[in-house]
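Taking it in order: structure first as structure tokens, then the write-up.
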Amino acid sequence: MEVQSTEAVAESPSAIWRRIEGALGELGGGIVEAEVQKCFRASSGHVYLDLSDGEAVVKCVIWKANAARIADLPAEGQLIQARYTKIRTYAKNGSISLDVNAIRAAGEGELLRRVRETLTQLIAEGLTDTERKPPLPRFPRRVGLVTGRGSDAEADVVRALRDRFPPTRIAVAYSLVQGVHAVPELIDALARLDGEPEVDVIVLARGGGSVEDLLPFSDERLCRAIAALRTPVVTSIGHTKQRPNCDHVASAAAEVPARAAERVVPSATELAERIDRRADELMGITAGVLVALCARIDRSAMRPAGQAALLARLRRVDLAGQRVVHAQSTTIAPPSLRITHCAAALQRAFGLLPRPTTLDVPRERLALATAGVRHATATRTATVEATLNLIRARDWRERGFALVRRADGSLITSIADVAPGQALAILLKGGTIDAVSNATHPDEQESAQ
């Protein structure tokens, strides 16, 4: 490809790197603070480090003379401060590095100050407000878990969930939980579970550690990602007095991973106890209804619905007694049969009432009530039969009544049928009197009518 010419003089890569080296040399030394991404001591005695803040990486070299004074090298993921004297360039591979002559662990006080600054910013933006946080479900369909692969936190949370509510379904998304790459991986794992349709709550869990180890969980990027999720998050960063910032933006926080289960799933034991209490309440209500029904049955046993009609019938029988004295041969259905039918109807009615299957007391009361009905029915039957016995064909004589007949045997029913000197036959208890009518005396009241 043809390049337009310019008035500037062309330079070689070496010349460019010499200019870069000169410009960097003017910057002088300083102190860099970052997490250790890689650190090793070479056979030459030099120590090589890669330091990162999660967005950029800078290589460092501690030459043998200074490295000999370092007994313990920093671990990967540890936050350190490195003092460098110059920025060195390597033209052959196009890289730069820092000449470091001393390192030290970053102080917890400084780390905590930064954590507090981040929390202040989150509070000012309202990301910690309770009204903004999505509520926790009572019965999640599935519980998401973000944690380190094979970690104690994973085992603690899963065991606690199974112990508290055995049917719990769990979806796990693994992530780094410390170091410079932890924050991006944590955010990605949360996003994956947030996209699962049946995951109703997410547990973010990690075991204990130093302020430095737990620094990713106070990172502003992670806190903003949690606040943006649709799914509620329960954080459980254990064994630390200084609560990480993610606890403040999450829907709930547990002190240790094992306690996270108490936040996200119900207790199977407590549910069973609640069901038992509710069953007892329902049994009590049912027993009360049965007692009320038994009371109604008791009242009905004393005053059955058919008894009033039976008494009215008995009164009509009494009033008609004189009219049926001559109907000895008349066939009538015995009232005892009718009373038996009434008792059978009452028995069928009792059979339609709800009968308890497990309550012995209501059953006994129903049996007593039925026995009462049967006793009352038997007593009434005896009464009706006694009454009918009084009005049977010849019972009128026992009650002091008399029949008056003409000589031809026809029955005299009115004084108008009797003439003076007429022969009469008067039928009384014990026999018949032959008489002759001397005179008749009509009743004045009937004559006036």
With respect to the numbered conditions (1) buried (at least 16 other Cβ atoms within 10 Å of the Cβ); (2) modelled with pLDDT under 95, which one is the sole condition not fulfilled by Leu145?
-> (2)
So, in the stretch 99-118, of the ones that are among the small types (Gly, Ala, Ser) and outside any helix (DSSP H, G or I), which residue ends up modelled with the lowest pLDDT?
-> Gly107
For the stretch 44-81, name all the residues that are closer than 25 Å to Pro216 by Cα and in a loop (DSSP other than H, G, I, E, B).
-> Asp53, Gly54, Glu55, Ala56, Asp72, Leu73, Pro74, Ala75, Glu76, Gly77, Gln78
Answer yes if at least one residue in the stretch 49-68 is among the polar types (S, T, N, Q), touching a strand residue (DSSP E or B) at 6+ places or on another chain (Cβ under 6 Å) and free of Cβ contacts under 8 Å to residues at least 40 places away in the same chain, and no otherwise.
-> yes
Quick one: how many residues across the stretch 227-253 are outside any helix (DSSP H, G or I), in contact with a strand residue (DSSP E or B) (Cβ under 6 Å, 6 or more places away or on another chain), touching a residue at least 24 places away in the same chain (Cβ under 8 Å) and hydrophobic (A, V, I, L, M, F, W, C)?
-> 5
Identity of the residue in the stretch 195-226, assigned to a helix (DSSP H, G or I), among the charged types (D, E, K, R) and in contact (Cβ under 8 Å) with a residue 40 or more places away in the chain, that ends up nearest to Phe139 (Cα to Cα) = Arg224
Residues in the stretch 227-237: is at least one within 19 Å of Val115 (Cα to Cα), surrounded by fewer than 22 Cβ atoms within 10 Å (Cβ to Cβ) and of a type outside the set (Val, Ile, Thr)?
-> yes
Sort out which residues of the stretch 197-209 are surrounded by 15 or more Cβ atoms within 10 Å (Cβ to Cβ) and more than 16 Å from Ala153 (Cβ to Cβ), and write them in order of number.
-> Val199, Asp200, Val201
Output the residue which, of all residues in the stretch 24-49 that are under 16 Å from Ile70 (Cβ atoms), buried (at least 17 other Cβ atoms within 10 Å of the Cβ) and within 59 Å of the chain's Cα centre (by Cα), is modelled with the lowest pLDDT.
-> Val36
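The values are calculated or read from the model by the stated rules, or taken from the named source; none is laboratory data. Everything quoted here is computed from the prediction, not taken from an experiment. Note that we place each Cβ from the backbone using ideal geometry, even for glycine, and neighbour counts take in every protein chain shown.
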